[in-house]
Structures are given as structure tokens and as C-alpha cells.
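Every number in this text was worked out from the coordinates using simple rules, so none of it is lab data. Bear in mind the structure is a predicted one, so any value in this text is a computation, not a measurement. Methodologically, a virtual Cβ is constructed for each residue, glycine included, from the backbone with ideal geometry; neighbour enumeration extends over all protein chains shown.
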């Protein structure tokens, strides 16, 4: 039996919501499917809108795949300024190897 990775979403106001994710889904898909506020994902995860911007917990950053050139470019267009731990949640795929993840949503996406 596979372990379901858990994603902890923290709002900019500090509200915490822990959601079971599915291996292969993105952090954005998991948020939208579970009605997590703060992640819009207008483009549906095709890396063209930057409305799924999150700040990844520093302890989890080194376990993620590197930022692609296109994701890096899209992060320059986020409503809330990017930080070193900024990622687009549509580009973070859940896996057993990745395990549990904690992200914080910015105060606005659009």
C-alpha cells in the first residue's frame, strides 16, 4: 500500500489546513480539489498564469526538483513578490519520495 503524502497549507493569516494528496498530483491540484483557499490555479496547471504561487517551507526546499526556466520566468510575474522559497504549486508533483510538504500561500494571487 502506498503512503499518501500530506500537504500542509498555511494561509498568510496563519490558518493551517492539512490535506491528503495523491501520488502524481501537483500541490495545486490537491489544493483546488480540496477547496484550499489562496491557490487559484486559473490555467489548470499548464504554467501560464502564476496564480498558484506558494512559499515552500525552508526544510522542504532541498527535496524538490529544481525550478525550470519557464517557472522561474513566471515567478517574476506573481502579484506578491517572489522570495527564494517561491514556487508555482502546479510544478510540485507529489511522490512517496517527496513525502509530506508544507507551503504557505501569499496574501493574493491576482
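Of all DSSP beta bridges confined to the range 6-104, the antiparallel ones make up roughly 75%. For the chain, place one equal point scatterer on every Cα, skip the solvent, and apply the Debye formula. What is log10 of I(q)/I(0) at q = 0.16, 0.19, 0.20 Å⁻¹? Evaluating at q = 0.16, 0.19, 0.20 Å⁻¹ gives log10 I(q)/I(0) of -0.62, -0.90, -1.01. Run the helix sum for the chain: -39,500 (n - 2.57) per DSSP H stretch of 4+ residues, divided by residue count, reported at 222 nm to the nearest 500 deg cm²/dmol. Per the formula, -3000 deg cm²/dmol.
Full extension of the chain segment joining residue 83 with residue 96 gains 2.0 nm, where the gain is 0.36 nm per residue of separation less the Cα-Cα distance. For the pair residue 43 and residue 20 in one chain, pulling the backbone fully straight at 0.36 nm per residue adds 6.0 nm over the alpha carbon distance. Protection proxy ranking of 55-64, 82-91, by the mean of other Cβ atoms within 10 Å over each peptide's residues and highest first, is 82-91, 55-64.
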